[in-house]
Amino acid sequence: MYLKELLSVHQQAFKQKVVEAFAEKHSMTIEQVLKSQGVVIDNYVHSKYQGVERAVSEITEFKRPVILNIRRDPCGEAVCMICERDQPNIEKLQLIYDDRIVFYELYDSTPEAALYHIIHQCEGEKLLPLTAVIHNGAVKKYWSGRPVEVDEYREYLDLLV
């Protein structure tokens, strides 16, 4: 799973939903919507994904493995106990790997956190945190909704560093 490909698939699916909703609301065909509103819809989709595109570009440019951690904003009103239980494991990884890997953290309150839905496209319960091991733009492994033990991370990271 390459991050840029996952992003492209997600964007196309979102665009398709927008086009279909517009067509239904205005009693138009898909072709009519694309012909008359295609540029506007493309601009809308681009604006919705701008922050995510920037984050994906940053992540894929790193030459080292990346730990992407999407978690609840600790300054927000609601506390995610799973996120809080996972954080010490992330901190241990930082001590073990230091600058051999990149730690890229996003909070659920930011637009870039839509990466959660781009990576976690399968059905099932979607819970925070989402932590992914990414290398050379490829998502090697991801976990969501549970703390991940340091040894479990290391199974993937030790092969990449």
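No value in this document is a laboratory result; all are computed from the given coordinates. Keep in mind it's a predicted model, so treat the numbers as computed, not measured. Neighbour counts are summed over all protein chains in view; Cβ atoms, including those assigned to glycine, are modelled from backbone coordinates with ideal geometry.
Remarks
- Were the residues from Ile30 through Arg64 laid out at 0.36 nm apart, the gain over their Cα-Cα distance would be 7.9 nm.
- Gaussian network model of the chain, springs between alpha carbon atoms under 10 Å - residue of Val52, Val18, Val39 with greatest fluctuation: Val39
- Residue-span extension gain [Ile82 to Val161] - 0.36 nm each, minus C-alpha spacing: 25.7 nm
- Exposure proxy for Asp42, Asp108, Asp98: other Cβ atoms within 10 Å of each Cβ, ordered fewest to most, give Asp98, Asp42, Asp108.
- Förster radius 30 Å - calculated FRET efficiency between Glu53 and Lys92, Cβ distance, rounded to 0.05: 0.45
- 16 Å cut-off, amide nitrogen to a point 7 angstrom out along Glu5 Cα→Cβ, residues in region 125-153: 134-142
- Using alpha carbons only: equivalent-ellipsoid semi-axes of region 62-157, gyration tensor based, whole Å: 20, 16, 13
- Going by neighbour counts of Cβ atoms within 10 Å, the residues Met81, Met28 line up, fewest first, as Met81, Met28.
- Pairs over the 20 Å Cα-Cα cut-off, from the set Lys63/Lys92; Lys15/Lys35; Lys63/Lys141; Lys4/Lys141; Lys17/Lys48; Lys63/Lys140: Lys63/Lys92.
- Rg/Rh (Cα only; Kirkwood hydrodynamic radius) as it applies to the chain: 1.05
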